Amino acid sequence: MKRSRMLVVVLALLLMTLIPVLASAQSPEKTGSFIIRNRNAPGNPLAGAGIAKATQQLDTAKPVPQAALPSGVAQLLGPAPNTRVGTLLNYKEGFEQVWPFFPEWVSYDADGPYNGEYCWGQNDFISFKGDMSIWPAAGCWDGVDPTYYYYPNDTNSWTDYVMSTMGARKANVNFRYWNQSEYGWDYFYWCASVDYWTWYCDYHTGDTGKWRKGRIDLRNVPGYGSMLNEPAVFIAFGFTSDSIITDDGPFVDDVRFLLWD
Ligand SMILES: [Ca+2]
Ligand SMILES: [Ca+2]
């Protein structure tokens with residue numbers, strides 16, 4: 001009897017010493033590429049939680065060879081000199097002023113008022129620079145403050161920016177992001193599209209643990225190729241969550257659009 005009680009005590013002590021070890025274990029995270037077709041169609045199975053699930057299935061699917069990238073204008077012209085900063089466009093958005101503003105930026109809930117109407121909006125919970133950043137549930141009718149709330153379930157929140165890349169030999173979108181989302185189920189996306197229909201995206205799911213650099217290189221968009229010399233290129237930040245378990249989610253700041261001729 002005494003011995004078994006001792007065993008329980010020893011086991012309990014062992015568990016208590018393990019708790020900090022488990023707590024300090026690195027949170028999982030993952031990035032990758034994903035193509036979203038017909039993002040905003042009503043009833044699109046790839047909307048909201050559907051996109052999250054499809055992304056998860058993609059991760060377990062066999063790798064499919066990507067189509068050969070079309071030879072971009074940039075390849076013909078060779079590397080652009082890197083000494084001039086954004087000769088065609090040098091637009092920096094730190095979300096310190098009123099945002100979003102039309103017509104360049106839109107922010108919206110892709111499934112409308114279903115499950116509440118949330119979209120990207122400004123917040124001062126955390127920021128990379130200045131006081132403000134954007135967060136996918138801070139805007140629109142049901143928007144909340146990330147100081148007090150996690151992102152909602154079934155989020156399908158997007159913000160799109162449109163610009164021309166005509167005459168550009170090089171075009172980058174650089175930004176900073178900080179994400180803490182349910183690993184494997186809730187996804188932060190950064191995407192580019194030339195038709196507002198098919199979106200070529202990179203994603204992050206899990207915990208960055210810090211601010212991280214993100215980039216869209218429009219000379220070489222994964223799965224598409226060059227988006228240079230297009231009258232309209234759409235850039236999107238998106239966030240989708242499934243129907244259970246929430247967290248802090250993604251914050252985006254210090255977005256810089258740079259186009260060189
Ligand atoms: Ca800021
Ligand atoms: Ca979730």
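The values are calculated or read from the model by the stated rules, or taken from the named source; none is laboratory data. A quick note: this is a predicted structure, and the numbers were derived from the prediction, not measured. When we count neighbours, we look across all protein chains shown, and the Cβ atoms used for this are built from the backbone with ideal geometry, even at glycine.
Structure above, values below:
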quantity	calculated
Whichever residue in the stretch 108-160 is aromatic (F, W, Y) and farther than 22 Å from W211 by Cα and, among such residues, is modelled with the lowest pLDDT	Y114
Residue check, I235 hydrophobic (A, V, I, L, M, F, W, C) and at positive phi	no
Of the criteria (1) more than 15 Å from the chain's Cα centre (by Cα); (2) within 20 Å of R39 (Cβ to Cβ), which one I235 fails	(1)
A138 vs. criteria within 14 Å of ligand 1 (Cβ to nearest atom), over 18 Å from G50 (Cβ atoms) and aliphatic (A, V, I, L, M)	yes
Flag for I235 being β-branched (V, I, T), under 22 Å from L259 (Cβ atoms) and in contact (Cβ under 8 Å) with a residue 24 or more places away in the chain	yes
Pairs where the first residue, in the stretch 120-147, is touching a residue at least 40 places away in the same chain (Cβ under 8 Å) and part of a loop (DSSP other than H, G, I, E, B) and the second is of a type in the set (V, I, T) and surrounded by fewer than 22 Cβ atoms within 10 Å (Cβ to Cβ), C-beta under 7 Å, 6+ apart	F125/T147
Condition check for G209: touching a residue at least 12 places away in the same chain (Cβ under 8 Å), away from ligand 1 (no atom under 16 Å from the Cβ) and surrounded by fewer than 21 Cβ atoms within 10 Å (Cβ to Cβ)	yes
Every residue from the stretch 151-185 that is among the β-branched types (V, I, T), more than 14 Å from W260 (Cα to Cα) and more than 16 Å from ligand 1 (Cβ to nearest atom)	T155, V162
Every residue from the stretch 237-252 that is more than 18 Å from G209 (Cα to Cα) and within 16 Å of ligand 1 (Cβ to nearest atom)	F237
Flag for Y118 being more than 16 Å from ligand 1 (Cβ to nearest atom), at negative phi and touching a strand residue (DSSP E or B) at 6+ places or on another chain (Cβ under 9 Å)	yes
